[in-house]
Amino acid sequence: MFLPSLVILGVVQAVFGKTQLYGMNIAGFEFGCEITGTCPLDTIQPPLKSLGFGDGAGQMDHFVKDDGMNVFRLPVSWQYLTNNVIGPLDKTNFGNYDLLMQACLKTGAYCVIDIHNFARWNGGIIGQGGPTDEQFADLWTQLATNYASNPFVIFELMNEPHDIDLTAWVASCQAAVAAIRKAEKVLHIVLLPGENFSSAGTFLTSGWGAALATVTNPDASTTNLVLDLHKYEDVDNSGDHPDCVMDNVADTFEPVAAWLRKNKRQAILSETGVGVTSESCFVDFCAQNTAINANSDVYLGYIAWTAGSVTSDYILDLAPTLTGTKWVDQKMTIQCVIDLWVNAPAGPAAPDWGLALGTALAAIPSSTGGSAKRSSSVVVSTSSSGAVSTPTAIVTGTGKSGSASGTQTSASPSDTQTKTPNSANGVKFASGLMACSLILAVILL
Ligand SMILES: *[C@@H]1O[C@H](CO)[C@@H](O)[C@H](O)[C@H]1NC(C)=O
């Protein structure tokens, strides 16, 4: 009804049903990382029962089986992976991180490697006085080599860069992407983080979105290069306060979606969280994630912050609690993360610059020499054939009943400004009219 007129006005209000991916952060391997990129090893709490901390493996298994989640983000510090020396991966430490990765992959979900260093190593900015672009690229060569053949591993180049020279940072990311494409045997999804702590709120205003969008594959395409967004809802967008004051819809996620649509690109909201007991946060977090789902042609997914080695004294604690043999989700997780996704109408298929779960993948750029057949993976395509794909969604159940889990300290990420992280730190779509409008919209774009 309203759609056709909006299309005529050139304002496309997408009503895509739900994102292809949704899930949870599993924090712990990054605990203690400061925004200076200083990451002590003795504050790390690997989110694995076998290593003495949160039961990340059990949590992920529950989130997939009971809630239908299909992506997890696994933060880790660079220092941990290489045992405090820039260079080769440390066998023991990387081995421990890989235990979490394998537990994630075993669930059938996509698993994001997040290097939680704020574009830094002990105060020095990558490619800007700190580690060189070559050293940064070498880290990614090693990681891409280890997961070369598994398309379910997603590479997030860096957590929350800030106070950087944007042009130089784009070059650092370009170096890392080139290294990854050379080392991998299947075309992985790579997440490109921007300025201002990857803030979705400054994606347009600071120009970091357009800048990072210039990063390309060796064949000059941007296939499977996804822009990485973070966003919180408290007063300074840091995630450090219990109450919410913004839902980020009209001022952030709608305009960013319009930009992405116009430029035929995708983004993922890989970190977003709220004070889990505040009434204002139930309202704002549900509103935000509803908007993300409604723009699923350009938003690949959302990943909530956080479960893992967190406990109930952390205001953003979304870890489920194990009661007997039953995992119980928190109310905030159920209402504003799970149910919004599970109950969302599947909506119309995304245009082909969106994502296709379960379709054949794009060819590996020939310069990498790869030729492996890949399947069952998300492909972000930038071709413009106009074909549409059918999104599929894993829905295995809904979580019910909430409770708080029980001591901790997490590195709470942040967004814009001066914040200090915590120290220790489907269904056919209903309306044919809508379908016509969307097709029209795609054509007009
Ligand atoms: C975003 O980053 C730029 C460059 O570092 C900085 O000048 C600007 O103040 C930042 N904006 C916000 C809202 O933090």
Residue in segment 253-267 that is touching a Leu at 6+ places or on another chain (Cβ under 6 Å) and crowded, with 23+ Cβ neighbours inside 10 Å present: yes
Hey, residue 296 in contact with a Lys or Arg (Cβ under 8 Å, 6 or more places away or on another chain), away from the ligand (no atom under 16 Å from the Cβ) and not in a helix (DSSP H, G or I) or not: yes
Any hit, segment 253-270, residues being at negative phi, among the polar types (S, T, N, Q) and within 15 Å of the ligand (Cβ to nearest atom): no
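Considering every residue within segment 179-192, establish whether at least one is within 21 Å of residue 231 (Cα to Cα) and among the charged types (D, E, K, R).
no
Residue-wise test of (1) at pLDDT below 95; (2) crowded, with 17+ Cβ neighbours inside 10 Å.
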| site | (1), (2) |
| --- | --- |
| 72 | no, yes |
| 77 | no, yes |
| 85 | no, no |
| 96 | no, yes |
| 102 | no, no |
| 105 | no, yes |
| 108 | yes, no |
Among residues of segment 82-99, those that are within 11 Å of residue 51 (Cβ to Cβ) and part of a loop (DSSP other than H, G, I, E, B), counted: 0
Filter result for the condition that a residue is buried (at least 21 other Cβ atoms within 10 Å of the Cβ), out of contact with any Ser or Thr (no Cβ under 8 Å at 6 or more places or on another chain) and acidic (Asp, Glu), over 284, 329: 284
Strands (runs of 3 or more DSSP E) lying entirely in segment 136-235 (those with 1 or more residues that are within 16 Å of the ligand (Cβ to nearest atom) and under 19 Å from residue 117 (Cα atoms)): 190-193, 225-232
Residue 245 being away from the ligand (no atom under 13 Å from the Cβ), under 29 Å from residue 280 (Cα atoms), of a type in the set (Val, Ile, Thr) and surrounded by fewer than 22 Cβ atoms within 10 Å (Cβ to Cβ): yes
Members of segment 290-326 that are of a type in the set (Gly, Ala, Ser), out of contact with any Ser or Thr (no Cβ under 7 Å at 6 or more places or on another chain) and crowded, with 23+ Cβ neighbours inside 10 Å: 294, 307, 308, 309
Residues of segment 121-135 that turn out to be within 16 Å of the ligand (Cβ to nearest atom) and either assigned to a strand (DSSP E or B) or in contact with an Asp or Glu (Cβ under 8 Å, 6 or more places away or on another chain) (or both), as a count: 5
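The values are calculated or read from the model by the stated rules, or taken from the named source; none is laboratory data. Owing to the predicted nature of the structure, the values given are computational and were not obtained by experimental measurement. Here Cβ is always computed from backbone atoms with ideal geometry, including for glycine, and neighbour counts include all displayed protein chains.
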